[in-house]
Amino acid sequence: MSDERRLLRGLYQGDAAALRQIYLRYKDDLVTVATSLVGDFHVAEDCLQDVFVQLASEPRRIRRNLKGYLLTAVVNRARDHLRRTQTRSKYYGNLENAPGMADDPARDLAGRDDLTAAMQALDELSEQQREIVVLHLQGGMRFREIAATLNLSINTVQSRYRYGLERVRQLLAKKEVV
Amino acid sequence: MTSAERTEDLIRKARRTTRVDVDERIMARAETALAQRKQAHPAHQHTSGLIRRIIMNNNRIRLATAAAVMAAALLGVYALTGSFDGASITVAQVREGMEGIDWMKIINEGDTVGDGRVELDMFSFASRVHIKTDMEGRTVYQDFQSGKQFHWTPGSDSIDESPLDANREFARGAAGPFAMMDQSLRLIQAERDAELTKELGTRDGRQVEIWTAQWSNNGAGASRTLTVYVDTVEKRPVAATFEHGQAGGGSYRESNIEFEYPEVGPANIYQAGAPESASIVSTMKK
């Protein structure tokens with residue numbers, strides 16, 4: 001039995017340890033994706049809470065692919081939030097002082113100013129493009145999985161990704177980041 | 001590494017991690033939900049997913065548009081033009097009418113009025129307190145003077161006390177209700193070219209001026225309409241609605257907002273709705 005199936009079985013049986021393991025395994029991916037989608041770290045944490053409370057309440061909604069289920073739930077909550085507020089926070093500013101930015105050697109290597117510029121460039125994408133770019137690069141989802149999750153053709157997903165990434169690249173090139 | 005690869009690399013590396021106190025809060029909530037499910041459904045009921053889907057598909061409980069957006073609509077005229085041609089009430093009068101307000105209560109009934117489900121925001125500009133209650137009754141009491149926040153979920157016998165993030169500003173840094181609306185509005189309206197109209201009317205028996213802002217939603221015929229009702233005597237906004245016009249014709253209302261200006265408001269999480277029996281569990285550093 002795979003590790004994920006074991007965790008899911010534990011969750012079905014009401015095992016709190018399994019729930020905690022799932023949370024620790026996926027929380028950072030989920031809060032990263034949520035923050036990029038809604039533009040507000042605090043709202044992203046609230047989304048994360050809703051997703052895990054729902055997971056604990058109704059684990060049998062998951063048929064397969066736990067991570068895909070969790071990322072889809074985050075996307076749905078982000079959409080709910082954006083629909084309610086009709087705006088997305090231009091939150092990033094300087095990432096160095098932003099909450100939730102733990103020390104990370106990889107990030108230091110990349111340069112925090114460059115990361116800030118990249119996230120600000122993401123702000124300029126349409127919601128549809130941003131969802132796909134973020135799910136692929138920060139959520140680690142394949143295009144095929146994204147297509148199934150968002151109910152789009154794989155061609156649409158790839159096309160939106162290409163255009164979105166190119167837009168970000170152009171914005172970063174203007175700032176001489178890439 | 002090509003510039004496209006470098007772009008992908010940067011986005012991948014811009015990662016976040018949750019805060020420890022938030023981890024504790026989320027796990028506590030999730031474990032409570034897990035225990036409740038175990039207790040309520042020792043033998044799993046396969047109908048629960050279907051029932052939930054039916055409930056979630058019900059228009060009556062669709063999530064409402066946030067009150068803050070409605071509030072932002074109030075002074076769209078001001079943000080776009082600085083004045084409202086032909087209006088008997090000027091923006092300056094509204095500003096004056098809102099001066100000195102301490103408590104402001106924003107009640108968002110979503111797309112259905114009278115079903116008892118509302119989303120509440122209360123702001124005290126004197127005490128720097130923001131209280132938010134969502135449609136499920138979850139309440140957050142944020143005290144920006146003491147730097148503390150309290151979370152309570154209906155059915156829970158505990159209240160989580162945690163520090164407010166130092167980067168979080170009360171009412172996004174606004175000094176009062178007028179500034180808050182104006183500030184929010186500027187954010188929203190900056191990219192839109194709204195058509196603005198006004199007319200006199202009545203609402204709940206009182207004379208109001210009705211300010212309307214409409215803009216194209218996606219360029220394909222869909223539209224959004226914000227309507228704000230301003231009391232002609234008090235010179236304060238009393239209500240607002242938000243409608244979505246569909247490209248093929250027809251429209252539906254997403255939000256019904258009422259504004260109230262109470263003299264006083266809840267002094268703590270208990271007065272905001274948490275039961276006296278709930279005990280406070282603190283994650284504040286000693």
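Yes/no matrix, rows are residues, columns are (1) among the small types (G, A, S); (2) at pLDDT below 75; (3) open to solvent by 20 Å² or more (accessible area, probe 1.4 Å):
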position: B:S158; (1), (2), (3): yes, no, yes
position: B:P177; (1), (2), (3): no, yes, no
position: B:Q183; (1), (2), (3): no, yes, yes
position: B:A194; (1), (2), (3): yes, yes, no
position: B:Q207; (1), (2), (3): no, no, yes
position: B:Y229; (1), (2), (3): no, no, yes
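The set of residues in the range A:113-123 being among the acidic types (D, E) and within 11 Å of chain B (Cβ to nearest Cβ) consists of A:D113, A:D114. Restricting attention to the range B:234-260, the residues that are part of a loop (DSSP other than H, G, I, E, B) and surrounded by fewer than 17 Cβ atoms within 10 Å (Cβ to Cβ) add up to 6.
For the range A:125-157, give me the residue count where each residue is within 14 Å of chain B (Cβ to nearest Cβ) and part of a helix (DSSP H, G or I). Count: 12.
Conditions (1) part of a loop (DSSP other than H, G, I, E, B); (2) outside the structural domain of B:G100 (by TED's automatic domain parsing); (3) modelled with pLDDT of 85 or more; (4) touching a Pro at 6+ places or on another chain (Cβ under 7 Å), marked per residue:
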{"site": "B:R117", "(1), (2), (3), (4)": "yes, no, no, no"}
{"site": "B:H130", "(1), (2), (3), (4)": "no, no, yes, no"}
{"site": "B:V140", "(1), (2), (3), (4)": "no, no, yes, no"}
{"site": "B:S146", "(1), (2), (3), (4)": "yes, no, yes, no"}
{"site": "B:F150", "(1), (2), (3), (4)": "no, no, yes, no"}
{"site": "B:P154", "(1), (2), (3), (4)": "yes, no, yes, no"}
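Quick check on my filter: what residues within the range A:44-53 are open to solvent by 20 Å² or more (accessible area, probe 1.4 Å) and not hydrophobic (A, V, I, L, M, F, W, C)?
A:D46, A:D50
Of the residues in the range A:108-127, at least one is open to solvent by 30 Å² or more (accessible area, probe 1.4 Å), closer than 25 Å to A:R25 by Cα and either modelled with pLDDT of 90 or more or out of contact with any Asp or Glu (no Cβ under 9 Å at 6 or more places or on another chain) (or both).
Looking at the range A:47-69, which of the residues that are within 9 Å of chain B (Cβ to nearest Cβ), assigned to a helix (DSSP H, G or I) and without any contact (Cβ under 8 Å) to a residue 24 or more places away in the chain is farthest from B:D134 (Cα to Cα)? Result: A:R61. Among residues of the range A:1-37 being within 11 Å of chain B (Cβ to nearest Cβ) and not in a helix (DSSP H, G or I), the one that is surrounded by the most Cβ atoms within 10 Å (Cβ to Cβ) is A:G14.
The values are calculated or read from the model by the stated rules, or taken from the named source; none is laboratory data. Since the model is a prediction, treat every value here as computed from it, not as a measurement. Cβ: placed from backbone, ideal geometry, glycine included. Neighbour counts: every protein chain shown. Please note that ligands, DNA and RNA were not included when accessible areas were found on the heavy atoms of the full protein model with its side chains. Shrake-Rupley method; radii C 1.70, N 1.55, O 1.52, S 1.80 Å.
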